[in-house]
Each structure stands twice: as structure tokens, then as C-alpha cells.
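Here is the structure we will look at, set down as C-alpha cells.
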Amino acid sequence: MEAQGRSPAAEAALEKLCRTYWRPIYGFVRRQGVGTEEAKDLTQSFFALLLERRDLDAVRREKGRLRSYLLTSVKHFLASEQRRAMAIKRGKGQRLVPLEEVKRGQPLQCLVYIHNLV
């Protein structure tokens, strides 16, 4: 593929690839029920990760079509982003409060504290 390597031709091919596939990737993300601005952010993040990890270096013509590769990659990316978002929603990074530390006779206070963490 022309987009492999670090030459000026490779850089131009990467730019063309991103311009060509940005809209289809964005459209796919929108069809997954994602809002406009979030879909733009996710699409940009997908391409940034793709370029950062140099995933395109592994793509070979004989293995299949680039569109199939990108579709599979964006599906995995969206699943990872959803897992990350759910982990944050569940309290990732929050200090856990062992129930043994909560004084007996004050269950309401415990529930208020736990509710505030969520």
C-alpha cells in the first residue's frame, strides 16, 4: 500500500486515505446512534489512533479490502470506547468504601454517600 512507511508519498497517501474514508466512517458511527458532535470526535479519535499505532502497516492487498479492514477496526474501536465509558460511569478511579467501615445503624448515610459517588 502507498500509505505505508514515512516517505512524502506515504504521507500524501495517508492524507488522501483520511479524506476519502472520513465521511463513511463518520456515517457509520452516526448510524450506531451516536450524536453529531460525539460522532465527529470519535471519528477523529479513530483516525488518530489508526495513524498513531501505524495499523495500516499490517494491511496487505492480498488479505482483503481496505474498507473491510477499516469497518472491522472502527467496530472494535467503538466497542473499546463504550467499555471505557462504562468503566468511568461505574466509578473507575473512585475510592471504594468497604461496607465493614460503615458504622452500623447509619445505613441511610451510607446510601447517600454511595449515591454521591455515582
Once the Cβ-Cβ distance between Asp55 and Ala85 is put in as r, and R0 is 25 Å, what FRET efficiency do you end up with, to the nearest 0.05? 0.70
Using a Förster distance of 35 Å, how high is the FRET efficiency between Ser45 and Arg65, based on the Cβ-Cβ distance and rounded to 0.05? 0.90
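Computed from the coordinates by the stated procedures, all read-outs in this text should not be read as laboratory data. Everything quoted here is computed from the prediction, not taken from an experiment. Glycine gets a Cβ as well: all are built from the backbone with ideal geometry, and neighbour counts include every protein chain shown.
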